[in-house]
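The values are calculated or read from the model by the stated rules, or taken from the named source; none is laboratory data. Source: prediction; values computed, not measured. Backbone-built Cβ (ideal geometry, glycine too); neighbour counts: all protein chains shown.
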Amino acid sequence: MRITGLALVPPPTAADLPKVTPELLASVLARYSRSNEGIGAILDKVDIANPDASIDRILKFVDYGHASIGGLTGGLAVALDDISMWLAYKLFEIAQMADGQESSTRYITMDPSNLPAPAEIGIPEDLAPRWTALMAKSFAAYQAEYARLDALGTAEPDRVRVPENAKPAVVTRIRKNYALDRARYFIPLATRTNVGLVQTSRMWATTVKHLDSLPHPEARAAAKLIRDELIKQSPRLMRHSFAEKSYQAQAEQELAASLRLGLARLSTQLLADEVWVKVDREAPPWLAEEQSIAESLKHRANRYGYQGTATRRMRVTFAWNNMAIAELRDLNRHRTGHRYTPLIQAGFYLPEEIAHADHQALLDEQAALTRELMERGSPAYVYSLLLGAQTPFEHSTQADKFIYEAELRTGMGAHFRYADHLSAVLHEFLAQVPEARDWVVEGTAEPE
């Protein structure tokens, strides 16, 4: 056995490693799969100074599928500045194999200057003044409630949970976060944020194809920007990143379903919590599960520990009727399985510290604009939503991933509303899988 290292950007001490472009790396490894020569012999035939010619020679050797080699390109990083929170959410929904980060709402500008122009996101010209005015009022409500809650948390220290023996700087931060985490439901989904994603060329091609097939101008503009950037590193593979009929057809159908549900359920009232959990333990009769739930879970030191086959093979689907978009944005980033939401406003969430009645006029105005956009069939209705809009959200995965998510989102430092949602689903899961009760740790979402 011989091992030869390959590196996209070799470390300074690894001068003996060949430096290759992402596409050359992919083509060399593809050739490797159809050869018994060994990687060294293949690399000897590569002209590092002329990688394009080497790639062409290799790819002409046999008809490699672009998808089969696209996944061999290594991690290609792209940062997107100043995109809407909606587009950031959509990217995480689409790019399920990516690693990524988004700017926290605690660190981005919260005023109308941090919004895209109405034309940029497809707001109809005659509705642009209404949309602009509504966004300004929404930011004003956020700022007013943030200031009020910040003062309240300072005047009534017992209102905010603070860890024992916390340093003064930590106490100040937690009190600020107390105010922000409750005022954030007035933030527009159109607010600009930043996202960085790392994934292979194969997955980037799929992501860009999907974005290019959506009816939103912002998504198509982002598709072009990403393609133009990645084509510098992976020109052959990014040829497969343009809009495609099957993606367009599904996008049209999903928009139509969202418009139907959205118009039927549009409301500014607070929805009562409902959860739904379906656990499937069925296994083929020739491969029945023999491990107990206890043996699957009890050897973990914490939520990062490896679970056994009893939970890894168990399917779990869980859903909420009323996930506020503020929470949806983060829960949508749990990458395993399939996530689905029509992204509508079936109610509006505000925490108990904020009175609905004090903001009813704003919420009525926001709902009226959302209705107008939906009645016109405009995909831009998503940009009239605020983070407090409640929407159904479904996630299907395996039990080991669900348990990790439940322990994480109820654990130390978890947002109070995440903890409410995951606690309710976890209780229903444990009712159906009682053997897991002694081994799954439901946290208390204490601040950190």
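When segment 280-309 is filtered for residues that are aliphatic (A, V, I, L, M) and either under 30 Å from Arg184 (Cα atoms) or without any contact (Cβ under 8 Å) to a residue 24 or more places away in the chain (or both), the ones remaining, listed by number, are Leu287, Ala288, Ala301. Counting only helices (runs of 4 or more DSSP H) that sit wholly inside segment 262-347, those with at least 2 residues that are among the small types (Gly, Ala, Ser) and more than 23 Å from Leu87 (Cα to Cα) are 293-297. Quick one: would you say Ala272 is closer than 18 Å to His427 by Cα, touching a helix residue (DSSP H, G or I) at 6+ places or on another chain (Cβ under 7 Å) and either exposed (fewer than 15 other Cβ atoms within 10 Å of the Cβ) or not assigned by TED's automatic domain parsing to the domain that holds Pro342 (or both)? No; evaluated as a whole, the condition is false for this residue. Taking Gly388, is it modelled with pLDDT of 95 or more, under 25 Å from Ala183 (Cβ atoms), in contact with a Phe, Trp or Tyr (Cβ under 6 Å, 6 or more places away or on another chain) and not basic (Lys, Arg)? When the stated conditions are applied, Gly388 passes them. So is Ala367 more than 22 Å from Tyr185 (Cα to Cα) and at pLDDT 95 or above or not? Answer is no for this residue. For segment 210-221, the set of residues classified as surrounded by 21 or more Cβ atoms within 10 Å (Cβ to Cβ) and either at pLDDT below 95 or of a type in the set (D, E, K, R) (or both) consists of Asp212, Glu218, listed by residue number. Here Tyr383, Tyr418 are screened, and the one residue that is modelled with pLDDT under 95, surrounded by 17 or more Cβ atoms within 10 Å (Cβ to Cβ) and aromatic (Phe, Trp, Tyr) is Tyr418.
The number of residues in segment 175-203 being assigned to a helix (DSSP H, G or I) and at pLDDT below 85 comes to 2. Checking each residue in segment 239-277 for being of a type in the set (D, E, K, R) and at pLDDT 95 or above picks out Glu244, Lys245, Glu252, Glu254, Arg260, Arg265, Glu274.
Here's the yes/no breakdown for (1) in contact with an Asp or Glu (Cβ under 7 Å, 6 or more places away or on another chain); (2) hydrophobic (A, V, I, L, M, F, W, C); (3) touching a residue at least 24 places away in the same chain (Cβ under 8 Å); (4) not assigned by TED's automatic domain parsing to the domain that holds Val316:
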| position | (1), (2), (3), (4) |
| --- | --- |
| Pro342 | no, no, yes, no |
| Leu369 | no, yes, yes, yes |
| Arg376 | no, no, yes, yes |
| Phe402 | no, yes, yes, no |
| Glu407 | no, no, yes, no |
| Met412 | yes, yes, yes, no |
| Ser423 | yes, no, no, no |
| Glu428 | no, no, yes, no |
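For segment 409-448, the candidate set comprises residues that are under 19 Å from the mean Cα position of the chain (by Cα) and not in a helix (DSSP H, G or I); within that set, the residue that is nearest to Met314 (Cα to Cα) is Ala414. Scanning segment 267-314 for residues that are among the small types (Gly, Ala, Ser) and touching a strand residue (DSSP E or B) at 6+ places or on another chain (Cβ under 9 Å) yields Ser267, Ala272.
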